[in-house]
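The values are calculated or read from the model by the stated rules, or taken from the named source; none is laboratory data. Quick caveat: nothing in here was measured; it's all calculated off a predicted structure. Because the Cβ atoms are built from the backbone with ideal geometry, glycine has one as well, and the counts that use them run over all protein chains shown. Only protein heavy atoms, including side chains, enter the accessible area calculation; ligands, DNA and RNA are left aside. Shrake-Rupley method; radii C 1.70, N 1.55, O 1.52, S 1.80 Å.
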Amino acid sequence: MATATTEHYRAYTPKPFTRAERDSVTILFGGLHWRIERVLQAVLENSGYRARVLPIATKEDLLTGREVADIGQCCPTSFTTGNLVNFLRGEAKQIGAAEVAKRYIYLTAGSCGACRFGQYHQSYELALRNSGLDAFRMFLMAQDQLDQKAAMGDGLDLNLPMTLGCLWGIFCTDLVQDLEYQVRPYEVLPGQTDAVVKDSVEYLYEVFRNRPARTPYRSVFWHLTTPYFTRALREVYRKFSQIEVDRLRVKPKVKITGEFYLQTVEGEPNYNIHRWLEAEGAEVYPAAITVWMDYLLRLGLQRFEDYSGIEKGARLKLGLGRVAQGIYRWTFNRLRRAMGSLSHEIPSQFELRRLAAPYFHSRLDGGEGDMLVGKALWAYHRKKAHMICELSPYSCMPNTMSIGAMAGVVGRYPDLLYAPLEIKGDAEVHALSRCQMILTEAKKRAQREFDDVLARTGLTVDEVRAYLDAHPEMKRATYRVPHGDAAGTAANLVLHVARRLGRRG
Amino acid sequence: MPTLTLPRWLSKAPAAAPPSRASLRIGIPRVLNLWSTHQFWMGLFGALGIDPRNVIFSSDTSEEQGRQFGKGRGTVDCCYPVKCISGHYGELVFGQKQKLDILFSPMIYTLPSFMSGHVARTLTCPRVMAAPENIKAGFLKEADVFAEAGIKYVTPFVSLDEPPLVPKQLFEGFQDVLPGLTRAEMAQAVGEGYQALQGFNDRLRRKSREVLEWCAREDRACLLVLARPYHMDPGIGHEIEVDLQAYGYPILWMQYFPTDPDLMDWAFGEDIRAGFIKSPFDIRDVWPSSYSSNTNEILWGAKVAARIPWIACVIRLSSYECGMDQPTYTPVQQIIERSGTLFFSFQDLDSTKPAGSVKIRVETITHYLEKYAREIIARKKAAMAPGCPLAQR
Ligand code: SF4
Ligand code: SF4
């Protein structure tokens with residue numbers, strides 16, 4: 001039996017990270033995809049920090065995560081806690097736990113409401129304690145609270161220029177990632193896209209690392225008006241233009257949706273689903289972080305919508321917020337144009353909300369909320385994809401709710417191909433075979449759609465190919481095929497050629 | 001605070017509700033946070049002119065209810081407190097002798113909590129707030145079961161911890177189903193709802209204080225239950241605490257623990273002065289992400305249990321696959337056990353009562369209590385400051 005002590009239990013409070021430590025301490029972070037991680041590293045280094053990206057989480061990390069924290073946590077929490085602990089253990093073996101605590105700090109997103117995302121600290125804390133790393137410092141940035149000097153110390157200054165750098169980094173890497181996934185399935189020379197993307201991300205790393213320093217307010221103006229990033233993206237565009245593609249390969253387009261971590265990472269935490277789908281013959285439409293942040297903005301502004309007419313100033317705040325959201329979208333589109341408007345546009349949050357409204361209330365937050373439903377319907381109605389692959393973490397709370405609501409959507413639109421995959425981290429065969437079944441149907445649809453377009457336009461594949469041979473610029477990865485009346489890339493290409501030939505589609 | 005806005009609402013009290021409402025029959029699933037807010041709804045409906053006899057709550061959760069009314073309507077696998085709701089909906093739609101006009105299932109986003117203002121937020125669990133949307137899908141996927149049964153499904157989104165917003169939210173939710181409803185009338189009814197809830201909570205807190213004072217007087221042990229409000233449902237919490245009560249130990253639920261300033265000052269004054277917390281209901285010293293209302297209260301309950309000498313034992317109830325409870329297991333246990341208080345946790349509660357293991361554990365608990373309760377109380381008393389207000393009368 002425990003004995004009474006006058007010392008009450010207290011939560012872990014990390015020692016602050018001080019300004020003086022900046023040169024000797026490395027900031028660890030991770031949990032996104034490699035392109036944005038590399039560019040965020042550049043942003044941190046540009047601001048005078050030492051930064052290091054954690055390795056991609058593995059199944060081993062999952063097992064460690066389960067072992068060192070309380071049972072029953074959602075699988076993203078297990079992956080990320082295990083990932084951190086295994087990295088630190090590895091380092092501790094070489095330099096000792098005390099030195100690890102001195103040399104590194106860990107920075108991660110903290111709270112986004114009442115789902116476990118807001119309670120990660122407890123899992124990390126327990127994991128560190130159970131691994132003998134009690135003194136290690138980790139800091140959770142609350143997404144709604146940028147100035148956290150009190151909790152973190154003055155070592156980390158999350159100032160405006162750095163925040164803007166992160167934001168612009170997200171825009172740029174989202175654009176690159178989106179184009180990459182549009183190009184790779186059709187590349188003529190295998191491996192060329194990967195090489196170009198690697199080269200482009202390294203180039204962006206340098207661009208962000210050498211970003212000129214500005215005072216906070218000047219920095220806002222500079223980011224909004226400078227050609228620095230559009231120039232860089234034009235260079236990326238140029239790199240992509242070297243790739244030759246064969247867009248007549250008929251492939252189902254699969255849109256990835258789901259919980260933020262699982263839809264963003266590329267690796268074992270989501271069974272390498274992006275690569276797996278490509279290997280199975282699909283074109284993947286990845287989930288952009290830009291869209292997620294646009295959703296968070298909308299969610300925040302809804303509060304002012306609710307308080308309009310109730311609280312003084314709410315309407316004004318709503319108006320200002322809408323302007324900020326407009327600038328956000330304008331900036332993204334400006335950068336998108338620099339890449340030839342090839343990457344997918346970001347859907348209107350109002351449209352997503354309207355589409356989801358009969359099935360899921362827009363004020364319910366946690367996870368992707370109504371956006372998960374809205375995106376599926378948006379892709380379906382606007383022919384953006386043949387199939388939705390929804391990544392749902394085992395034991396996630398908000399995600400289970402949105403998925404349940406999708407039952408109503410599928411009931412209403414039985415031909416919407418929807419594959420909700422429960423991701424446990426170690427039940428790969430089950431999840432992938434489930435996905436495979438729906439993918440088979442998506443492939444049939446893509447083929448049917450293609451055949452239908454050929455029949456409608458009266459073209460044959462050979463005729464289209466001959467036309468492309470006569471117009472080699474259309475075989476460049478950077479040639480823009482407008483989105484026509486079809487979801488598939490090949491079908492849209494046929495429609496485009498038909499229009500150029502003056503035929504009706 | 002609801003009480004501050006009350007006079008304003010009352011001053012705008014409109015004329016009595018149109019009589020036709022008195023015959024409306026409203027069904028409410030007895031689930032999730034309806035367990036802690038039902039008095040609010042009763043006060044609200046009463047003020048809106050609904051006959052309280054026409055407000056029908058579904059029965060307590062049972063496996064039978066799920067089998068009979070909820071089968072095939074589940075849309076997703078998750079924790080039992082949410083999964084069982086299909087059975088409650090089904091019972092209200094199919095199992096009534098006299099047909100209902102409205103099935104009312106609010107999406108409660110934030111909860112009124114005594115900790116409000118001292119914590120980051122008082123949100124409900126993402127599953128609690130969204131459950132009505134999720135369960136509804138099971139009743140719409142093949143055909144609109146509500147429409148077929150001639151029942152209006154009313155599911156307003158409501159932020160109960162933001163009183164200025166609530167009349168607007170509920171007016172929007174009810175304007176199409178309550179004839180002649182006005183905004184002013186809803187504002188007044190909301191005020192009465194808060195008053196009813198406050199009155200009910202105050203009464204239960206007073207009762208709990210009486211129990212604690214008795215324990216202090218007699219130097220006897222009591223038990224505190226740390227659980228979510230819906231563990232009071234016999235089909236969810238399986239009445240584990242009732243089995244313990246049968247052995248003569250008074251049982252208190254954390255939700256209704258007295259919050260009187262004298263007691264709070266005695267229990268937490270030292271922590272406030274030492275700078276660990278800013279008020280008795282601040283839990284930053286043990287739980288920095290204080291977003292979830294029920295979780296916050298559980299953590300607070302653990303702190304209280306660690307400080308009140310006569311709480312010799314804490315019983316923690318938690319449902320299978322509860323994502324909110326998962327990260328709290330270790331801190332709650334640590335907070336309690338560090339103070340020398342006995343701690344027993346019943347995790348993974350599902351649809352069936354684990355009768356055998358409950359029996360064994362109840363025997364273990366009572367054995368420990370018989371053996372150690374006196375010692376625990378004495379040690380906890382010694383560890384705290386003198387002058388506990390519970391022992392003053
Ligand atoms: S959204 Fe789901 S998976 Fe992500 S942290 Fe929250 S509970 Fe875990
Ligand atoms: S708090 Fe736990 S048991 Fe309650 S609805 Fe949420 S996940 Fe389910």
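Among the residues of region B:117-173, those that are small (G, A, S) and in contact with a Phe, Trp or Tyr (Cβ under 6 Å, 6 or more places away or on another chain) comprise B:A120, B:S159. Entry remark, region B:110-127: residues being open to solvent by less than 10 Å² (accessible area, probe 1.4 Å) and either hydrophobic (A, V, I, L, M, F, W, C) or away from ligand 2 (no atom under 13 Å from the Cβ) (or both) number 5 in total. The number of residues in region B:221-248 that are more than 19 Å from B:V31 (Cα to Cα), open to solvent by 30 Å² or more (accessible area, probe 1.4 Å) and in contact with a strand residue (DSSP E or B) (Cβ under 9 Å, 6 or more places away or on another chain) comes to 2. Residue pairs whose Cβ atoms lie under 7 Å apart, sitting 6 or more positions apart in sequence or on different chains, and linking a residue in region B:284-300 that is farther than 18 Å from B:Q255 by Cβ to a partner that is among the β-branched types (V, I, T), are B:R284/B:I277; B:D285/B:I277; B:V286/B:I335. State yes or no: is B:K353 over 23 Å from B:H238 (Cα atoms) and of a type in the set (D, E, K, R)? The answer is no for B:K353.
Name every residue in region A:70-111 that is among the β-branched types (V, I, T), open to solvent by 10 Å² or more (accessible area, probe 1.4 Å) and at pLDDT 90 or above, in order of residue number. Hits for region A:70-111 are A:T80, A:I95.
Results for (1) touching a Cys at 6+ places or on another chain (Cβ under 8 Å); (2) within 16 Å of ligand 1 (Cβ to nearest atom); (3) β-branched (V, I, T), shown as yes or no for each residue.
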{"residue": "B:R284", "(1), (2), (3)": "no, no, no"}
{"residue": "B:W287", "(1), (2), (3)": "no, no, no"}
{"residue": "B:Y291", "(1), (2), (3)": "no, yes, no"}
{"residue": "B:I298", "(1), (2), (3)": "no, no, yes"}
{"residue": "B:A302", "(1), (2), (3)": "no, no, no"}
{"residue": "B:R307", "(1), (2), (3)": "no, no, no"}
{"residue": "B:W310", "(1), (2), (3)": "yes, no, no"}
{"residue": "B:I315", "(1), (2), (3)": "no, no, yes"}
{"residue": "B:S319", "(1), (2), (3)": "yes, yes, no"}
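Evaluated against (1) within 13 Å of chain A (Cβ to nearest Cβ); (2) under 18 Å from A:A11 (Cα atoms); (3) outside any loop (DSSP other than H, G, I, E, B), B:G301 falls short on exactly one condition, (1). In region B:263-283, of all residues being among the hydrophobic types (A, V, I, L, M, F, W, C) and in contact (Cβ under 8 Å) with a residue 12 or more places away in the chain, the one that is nearest to B:Q334 (Cα to Cα) corresponds to B:I283.
Residues of region A:448-505 that are hydroxyl-bearing (S, T, Y) and in a helix (DSSP H, G or I): A:T457, A:Y467, A:T489. Among B:E162, B:E91, which is the only one that is under 26 Å from B:E64 (Cβ atoms), acidic (D, E) and either more than 16 Å from ligand 1 (Cβ to nearest atom) or facing chain A (nearest Cβ under 10 Å) (or both)? Answer to the check: B:E91. Counting the residues of region B:57-82 that are surrounded by fewer than 22 Cβ atoms within 10 Å (Cβ to Cβ), in contact with a strand residue (DSSP E or B) (Cβ under 6 Å, 6 or more places away or on another chain) and at the interface with another protein chain (Cβ under 10 Å from one of its Cβ atoms) gives 0.
Considering only residues in region A:112-125 that are of a type outside the set (G, A, S) and within 14 Å of A:N83 (Cα to Cα), the one that is modelled with the lowest pLDDT turns out to be A:Y120. Screening the candidates A:L364, A:L355 for the property of being without any contact (Cβ under 8 Å) to a residue 60 or more places away in the chain, of a type outside the set (F, W, Y) and within 14 Å of another protein chain (Cβ to nearest Cβ) yields one hit, A:L364.
Would you mind stating whether B:S339 is away from ligand 2 (no atom under 16 Å from the Cβ) and surrounded by fewer than 23 Cβ atoms within 10 Å (Cβ to Cβ)? When the stated conditions are applied, B:S339 does not pass them. It is to be established whether one or more residues within region B:133-154 are surrounded by fewer than 24 Cβ atoms within 10 Å (Cβ to Cβ), within 16 Å of the chain's Cα centre (by Cα) and more than 16 Å from ligand 2 (Cβ to nearest atom). No, that holds for no residue. On the stretch given as region B:325-336, residues that are open to solvent by 10 Å² or more (accessible area, probe 1.4 Å) and either among the polar types (S, T, N, Q) or more than 7 Å from chain A (Cβ to nearest Cβ) (or both) total 3.
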